[in-house]
Amino acid sequence: MTSIKGPLARLDRSRDELAKAWLVRLIERASLDEIKELPTDRIARELPELIGDIVTSVADANGAPYVLSEEQARRVAALAALRSGRETSAGDVARDVAALQAVLVRALREELAEKDPERFAEAVEQLVDATGAIQAAATEELVRRRSRELESQANTDALTGLGNLRHLQKQINHLLAVHKRYGRPFGVLLMDIDGLKRINDSHGHPAGDRVLMQVAMSLQRSIRSVDVTARLGGDEFCVLAPEQEPEAAATLAERLAAAVREEVATPDDPPVSMSIGVAACPSHGDDAETLIDAADRAMYRAKAAGESVALGEPPSADVAEEANS
């Protein structure tokens, strides 16, 4: 059987026109909202290259199965994200790839169907194999992307965008594992907003939600890149500070409290303040429950004393305090 490089080479030279034809098919079956969301600039940049990849690989295949290169896989991944503004299904990906296959087969038919039916059949077989591999790769990328989105949602506080309690638990367990293996310290800063109930009662819950979001942004701006911030629910937040001994963690807490006072305010109310309790591993414990408990006790000591920050007591001192209360 003769080579199929000739007609495929002509397809390669027409890659821009074929990309436009594929985009037209995409638009024909899309709603107006979907059309607005289509990343036409990325399609115009990526798709001609993908078509060139397909044509070149098919021309060189000699009957071997189509295998995507790393660069081709990156381009194919874009097919799984064409409709970034809405849910994309495996059916959407299948239809998109089927439309691409139809465009390529039609172009081949115009080149070969009547002139050389045998070469046409061979070329179509290779193209179907290639587009099948592309559909599989795009679907796998879609599944991976959806898994990442679900994982992110499961670990994110919906209001503030910070990590949630589940995320905090994973992070503190990681830091405990690092401490156990390498002896590295870390700080736990537990905090709540003073007077959030008053704000909700005076200005309504939307105002309270705005305060929560402002506090979250203030904390994010004030921490180091290695620190972890989470909202535990209600008006409670937590910061994990790797490589921090108790005194350094307390200094960080003072900085966070000052940032919130300076940056967060509500109409006709005094500046928003926070009460922060500080504990550190291993000074105040070497398990999550003990550390959180120590920080929680310190936070309530700070609140009772009208101070911004209080440092946790060693476990033995907390036990004695509980026995005397």
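The values are calculated or read from the model by the stated rules, or taken from the named source; none is laboratory data. These numbers were taken from a predicted model, which means no experiment stands behind them. Using ideal geometry, Cβ is built from the backbone for each residue, glycine included, and neighbour counts are taken over all protein chains shown. Remember, those area values only see protein heavy atoms, side chains included, never the ligands or the DNA or RNA. Shrake-Rupley method; radii C 1.70, N 1.55, O 1.52, S 1.80 Å.
Observations on the structure shown:
- Each of Leu150 and Lys115 was given a label point 7 Å from its Cα along the Cα-to-Cβ line. The distance between the two points is 5.0 nm.
- Candidate lysines - alpha carbon under 20 Å from Lys115, same-chain residues fewer than 8 apart omitted: Lys5
- Rounded accessible area per residue of the chain, 1.4 Å, Å²: 51
- Contact order relative to length of the chain, as percent, for alpha carbon pairs under 8 angstrom and 6 or more apart: 14
- Once the Cβ-Cβ distance of Arg261 and Arg74 is raised to the sixth power relative to R0 = 45 Å, the FRET efficiency obtained is 0.45.
- The share of C-alpha pairs in the chain whose separation exceeds 25 Å stands at 63 percent.
- Set of lysines with alpha-carbon distance to Lys20 below 20 Å, sequence-local pairs under 8 removed: Lys36
- Set of lysines near Lys170 by C-alpha distance (under 17 Å), chain-local residues within fewer than 8 positions excluded: Lys180
- In order along the stretch 233-245, the phi-based Karplus estimate (6.51 cos²θ - 1.76 cosθ + 1.60, θ = phi - 60°) of 3J(HN,Hα) comes to x, x, 9, 9, 10, 8, 10, 9, 10, x, 6, 10, 6 Hz; Gly and Pro are listed as x.
- Whole-angstrom gap from the stretch 259-298 to the stretch 138-179, using each part's C-alpha centre: 23
- Helix-derived mean residue ellipticity, 222 nm - over the chain, DSSP H n ≥ 4, -39500 (n - 2.57), to 500: -21000 deg cm²/dmol
- Val309 long-range amide H proximity, modeled H, under 5 Å: Ile276
- For the stretch 190-299, the relative contact order comes to 31 percent (Cα pairs under 8 Å, sequence separation of at least 6).
- Among 19-32, 165-178, 207-220, sorting by the average number of other beta carbon atoms lying within 10 angstrom of each residue, highest first, gives 207-220, 165-178, 19-32.
- Net charge of neighbours whose Cβ lies under 12 Å from the Cβ of Asp287, counting Lys and Arg as +1 and Asp and Glu as -1: -2
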